[in-house]
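Presented below is the structure to which this report refers.
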Amino acid sequence: FIGTNAANTYTQVAPGIEGDGLRLEIGANYNLIGGTAPSARNIVSGNDQDGIGLQGQGVHHNVIINNYVGLKQTGDIRLRNGADGVDVAEGVADNRIGGLDPGERNVISGNNRDGVEISHGLDTQRNHVVGNFIGFAAAGTVSIYNGGRGVTFEDNVTANPVYRNIIVANAGDGVRFYTVFDNPVYDNFIGVAPVGIGPTVVVP
């Protein structure tokens with residue numbers, strides 16, 4: 001539990017408390033955040049800034065899987081982080097957020113700003129965002145929007161693939177490109193859910 005307690009009654013979003021829930025920087029590499037077993041999951045919620053932040057050159061080959069970012073442990077109740085769910089910036093490269101195995105899926109929903117932001121520099125590249133629920137609850141039956149966009153690319157980032165995600169019901173754009181190039185976005189459900197899975201309730 002990062003930013004809250006096991007009962008999910010505590011939040012760090014308060015005056016005088018500032019910081020990401022989990023931050024990788026200054027050459028952090030080859031770290032595993034989460035795991036495919038439910039017992040390996042982190043609940044990264046209630047933090048003042050980003051839920052998970054990756055920042056700076058030398059931050060590479062980290063894997064972030066099967067976490068709830070912006071939700072309570074049940075996976076269907078908002079416990080927002082104050083900024084983005086996951087922020088990837090300033091030279092971060094070759095990291096993976098999510099995966100093709102359903103057990104690797106992060107649920108990145110309910111955050112105050114964007115679900116995932118990839119930004120700040122040409123050398124922010126080759127970060128894969130794959131197989132996540134962004135704006136969806138864990139069970140895929142209700143939507144819990146992020147307050148900004150589902151995924152945003154900004155400030156000249158390049159070659160960051162975003163694929164096989166479900167990106168629905170966010171307050172802003174599903175996916176936004178702002179002064180970027182050559183970022184492949186494909187095989188996602190954006191604004192809709194797959195057949196047989198769909199939000200029936202939008203959680204406020």
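The values are calculated or read from the model by the stated rules, or taken from the named source; none is laboratory data. This one's a predicted model, so the numbers in the text were calculated from it and none came from an experiment. Virtual Cβ from ideal backbone geometry, glycine too; neighbours counted across all protein chains shown. To get the accessible areas, we keep the full protein, side chains included, count just its heavy atoms, and leave off ligands, DNA and RNA. Shrake-Rupley method; radii C 1.70, N 1.55, O 1.52, S 1.80 Å.
For LEU100, are the conditions met, namely being of a type in the set (A, V, I, L, M, F, W, C), assigned to a loop (DSSP other than H, G, I, E, B) and within 18 Å of ASN183 (Cα to Cα)? Spelling it out, it is not the case that LEU100 is of a type in the set (A, V, I, L, M, F, W, C), assigned to a loop (DSSP other than H, G, I, E, B) and within 18 Å of ASN183 (Cα to Cα).
Beta carbons closer than 8 Å, at least 6 apart along the sequence or on distinct chains, pair a first residue in region 92-104 that is more than 12 Å from VAL59 (Cα to Cα) with a second that is among the small types (Gly, Ala, Ser) for GLY98/GLY131; GLY99/GLY131; LEU100/GLY131; ASP101/GLY131; PRO102/GLY131; GLY103/ALA37; GLU104/GLY98; GLU104/GLY131. Of everything in region 49-77, what is assigned to a strand (DSSP E or B) and surrounded by 20 or more Cβ atoms within 10 Å (Cβ to Cβ)? Give them in sequence order. Listed by number, the residues that qualify are ILE52, GLY53, LEU54, GLN55, ILE64, ILE65, TYR68, VAL69, LEU71. In summary, GLU104 fulfils each of the numbered conditions (1) closer than 19 Å to GLU25 by Cβ; (2) at pLDDT 95 or above; (3) over 10 Å from the mean Cα position of the chain (by Cα) with the single exception of condition (1). If we scan region 37-47, do we find a residue that is modelled with pLDDT under 95 and either crowded, with 24+ Cβ neighbours inside 10 Å or aromatic (Phe, Trp, Tyr) (or both)? Yes, because at least one residue in region 37-47 is modelled with pLDDT under 95 and either crowded, with 24+ Cβ neighbours inside 10 Å or aromatic (Phe, Trp, Tyr) (or both). Could you list, in sequence order, all residues of region 41-85 that are closer than 23 Å to THR141 by Cβ and among the β-branched types (Val, Ile, Thr)? Matches in region 41-85: ILE43, VAL44, ILE65, VAL69, THR74, ILE77.
Within region 110-160, restricting attention to residues that are open to solvent by 10 Å² or more (accessible area, probe 1.4 Å), among the aliphatic types (A, V, I, L, M) and farther than 17 Å from ILE64 by Cα, the residue that is modelled with the lowest pLDDT is VAL142. Picking from residues in region 19-36 that are assigned to a loop (DSSP other than H, G, I, E, B) and touching a residue at least 60 places away in the same chain (Cβ under 8 Å), the one that is least open to solvent (accessible area, probe 1.4 Å) is GLY21.
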